[in-house]
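The values are calculated or read from the model by the stated rules, or taken from the named source; none is laboratory data. Here the structure is a predicted model, which means the values were calculated and not measured. Neighbour counts run over all protein chains shown; Cβ positions are idealised from the backbone, glycine included. We work out accessible area using only protein heavy atoms, side chains counted, and drop any ligands, DNA or RNA first. Shrake-Rupley method; radii C 1.70, N 1.55, O 1.52, S 1.80 Å.
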Amino acid sequence: SINSAISLIKTRPEDAEEVLQNMADLFRAMLNNKQQSTLGEELALVKDYLSIETIRLGKQRIQVNWQVNAPKDTVTPYFFLQPLLENAVFHGVESSHRPGIITVLTKLEKSSIFISIENPCGTEPNENTKPHKGNSMALLNLKERLTLMYDTDAKIRNIQSDGLFRV
């Protein structure tokens, strides 16, 4: 991201400034030692992150469909959405030569909050792309954090079907 900002300084200084400002916000957030956050705070953090990636990859490559229908004051683990969106970009958009749409859905259903992130699965490698192999560390880490915070009241599931990956 820093290299992206450096490359933009002469040709697109406003974008370079936005990348650096968003990076500063994310670094400040990472240094915070909070255990809990709110859904609204988490969404603001991932919007900063996705802004960086949109500038880096281009508006044609990465698009985000926001469907936020859950209370933004919902208590969540701190910094839990960003790794999931990073995975969506890294595995679903960046590894493909095609544009990718990431869908972020939150909804309140009875007394439960559902959060879903959906992204393309990526494509087979070609001369312009290479696949990114993951180790599921972000998903395992999030599962542990949810269990610590909510015990058995929180679950994380992922499914891959019809060319989409959903958490």
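Condition first: among the aliphatic types (A, V, I, L, M), touching a helix residue (DSSP H, G or I) at 6+ places or on another chain (Cβ under 7 Å) and open to solvent by 20 Å² or more (accessible area, probe 1.4 Å). Now tell me which residues in the stretch 43-61 satisfy that.
Passing the criteria: 45, 55, 57.
List every residue pair whose Cβ atoms sit under 7 Å apart, with the two residues 6 or more apart in sequence or on different chains, where the first one lies in the stretch 136-165 and is more than 20 Å from residue 100 (Cβ to Cβ) and the second, anywhere, is open to solvent by 90 Å² or more (accessible area, probe 1.4 Å).
Pairs found: 156/143.
Which of the residues belonging to the stretch 9-42 are over 25 Å from residue 59 (Cβ atoms), part of a loop (DSSP other than H, G, I, E, B) and open to solvent by 100 Å² or more (accessible area, probe 1.4 Å)?
Within the stretch 9-42, 33, 35 qualify.
Within the stretch 83-102, is even one residue out of contact with any strand residue (DSSP E or B) (no Cβ under 6 Å at 6 or more places or on another chain), without any contact (Cβ under 8 Å) to a residue 12 or more places away in the chain, part of a loop (DSSP other than H, G, I, E, B) and basic (Lys, Arg)?
No, that holds for no residue.
Find the residue count for the stretch 97-118, including only residues that are open to solvent by less than 10 Å² (accessible area, probe 1.4 Å) and modelled with pLDDT under 95. Please lay out each step first, then the result.
Within the stretch 97-118, the subset open to solvent by less than 10 Å² (accessible area, probe 1.4 Å) is 100, 102, 104, 106, 117.
From what's left, modelled with pLDDT under 95: 100.
Of the residues in that region, 1 qualify.
Quick grid of which residues meet (1) among the polar types (S, T, N, Q); (2) modelled with pLDDT under 95; (3) out of contact with any Gly (no Cβ under 8 Å at 6 or more places or on another chain):
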| residue | (1), (2), (3) |
| --- | --- |
| 9 | no, yes, yes |
| 12 | no, yes, yes |
| 33 | yes, yes, yes |
| 40 | no, no, yes |
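Out of the residues in the stretch 62-96 meeting the condition of being open to solvent by less than 10 Å² (accessible area, probe 1.4 Å) and β-branched (Val, Ile, Thr), tell me which one is nearest to the chain's Cα centre (by Cα).
89
Conditions first: (1) part of a helix (DSSP H, G or I); (2) of a type in the set (S, T, N, Q); (3) touching a Ser or Thr at 6+ places or on another chain (Cβ under 7 Å). Residue 65 passes all but one, so which condition is the exception?
Looking at each condition in turn, residue 65 falls short on (1).
Residue 56 versus (1) under 30 Å from residue 97 (Cβ atoms); (2) at pLDDT 95 or above; (3) assigned to a helix (DSSP H, G or I): which is the lone unmet condition?
(2)
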